[in-house]
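Novice: Structure below; questions to follow.
The values are calculated or read from the model by the stated rules, or taken from the named source; none is laboratory data. For clarity, every value in this text was computed on a predicted model and none was experimentally measured. All Cβ positions, glycine included, derive from the backbone under ideal geometry; neighbour counts span all protein chains shown.
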Amino acid sequence: MFKTIKKILKFTISSTIILIIGILTSHLIVSCYTKNKVYENVAETPHNRVGLVLGTSPYARNGGPNYYFTYRIDACVALYNAGKIDRILVSGDNHVKTYDEPQYMKNALIERGIPASAIVLDYAGFRTWDSVIRAKKVFGQSKFTIISQGYHNERAVFIARCKGIEAIGFNAKDIKRTRTYIYFGFLRESLARCKMFLDLIINRQPKFLGDPIEV
């Protein structure tokens, strides 16, 4: 009995160590690879014809404003007004009629002075993987600027580069977070990066593709 418990304990400890090493390694690989491909200063950001903004809800879980959304809109407007992007591809979730991330973001961009003619909507950007790959396979873009918060941008740019897309990232302002939230966010993002590597290995396809759409 004792030997069995000992074996289980050893297996559990070994598996945990391997998991932790895998999580940290995937996180570091992505961060190091994208270090010089992500920008925070508008003036230093290279020009790309298209900016891909990754969708999120305008509302937080408590019903208040979602500042991730607000700051991504701010970043799009700043890049557009500085002539760093000419068109904005808004990619987000629209799996039900009552929830439409692309339209929310388009409305917010128009309210900030971006012409509707410069905005193209991707309604099937259910997750980062789908948004990036659809930008190439559906919207025909092999070079663009991804707009989101820094931690998110690193993963998105890594996906793009692995898929033969010459992408860079522009970091929207992040929100102030508690230490607990930072730790939780790090773990969540690290797990998302592990899943991303699995998607790359099995060559996962977006949930939906479809006919080509001109940007």
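Novice: When the residues of segment 92-112 are filtered to those that are closer than 14 Å to TYR59 by Cβ and part of a loop (DSSP other than H, G, I, E, B), which remaining residue is farthest from the chain's Cα centre (by Cα)?
Specialist: This residue is THR98.
Novice: Report those helices (runs of 4 or more DSSP H) wholly inside segment 119-215 carrying at least 1 residues which are at pLDDT below 95 and in contact with an Asp or Glu (Cβ under 9 Å, 6 or more places away or on another chain).
Specialist: The qualifying helices (runs of 4 or more DSSP H) are 150-162, 179-202.
Novice: Give the residue, chosen from ILE73, ILE85, that is within 13 Å of ASN171 (Cα to Cα) and in contact with a Lys or Arg (Cβ under 8 Å, 6 or more places away or on another chain).
Specialist: Unique residue meeting the criteria: ILE73.
Novice: Answer yes if at least one residue in segment 15-38 is assigned to a loop (DSSP other than H, G, I, E, B) and modelled with pLDDT of 80 or more, and no otherwise.
Specialist: yes
Novice: Between residues in segment 19-48 that are under 18 Å from ILE147 (Cβ atoms) and residues that are β-branched (Val, Ile, Thr) and part of a helix (DSSP H, G or I), which pairs lie under 9 Å by C-beta distance while being six or more apart or on different chains?
Specialist: Here the result reads VAL30/VAL157; THR34/VAL157; LYS37/VAL157; VAL38/VAL157, each pair linking segment 19-48 to a residue that is β-branched (Val, Ile, Thr) and part of a helix (DSSP H, G or I).
Novice: Just wondering, is there one or more residues in segment 26-37 that are surrounded by fewer than 18 Cβ atoms within 10 Å (Cβ to Cβ), of a type in the set (Val, Ile, Thr) and under 23 Å from GLY164 (Cα atoms)?
Specialist: Yes - at least one qualifying residue is present in segment 26-37.
Novice: Would you be able to tell me the number of residues in segment 78-91 that are surrounded by fewer than 17 Cβ atoms within 10 Å (Cβ to Cβ) and either β-branched (Val, Ile, Thr) or in a loop (DSSP other than H, G, I, E, B) (or both)?
Specialist: Going through segment 78-91 one residue at a time, the tally reaches 3.
Novice: Still on this structure, I have one more. Kindly provide the set of residues from segment 92-113 that are touching a residue at least 24 places away in the same chain (Cβ under 8 Å) and buried (at least 19 other Cβ atoms within 10 Å of the Cβ), ordered by number.
Specialist: GLY92, ASP93, ASN94, GLU101, PRO102, TYR104, MET105, ALA108, LEU109
Novice: Exactly one condition in (1) loosely packed, with under 11 Cβ neighbours inside 10 Å; (2) small (Gly, Ala, Ser); (3) modelled with pLDDT under 95; (4) in a helix (DSSP H, G or I) is not met by GLY63; state its number.
Specialist: Failing condition for GLY63: (4).
Novice: Right, something else. Quick one: THR16 ticks every box in (1) surrounded by fewer than 16 Cβ atoms within 10 Å (Cβ to Cβ); (2) in contact (Cβ under 8 Å) with a residue 40 or more places away in the chain; (3) not hydrophobic (A, V, I, L, M, F, W, C) except a single one, so which number is it?
Specialist: The number of the failed condition is (2).
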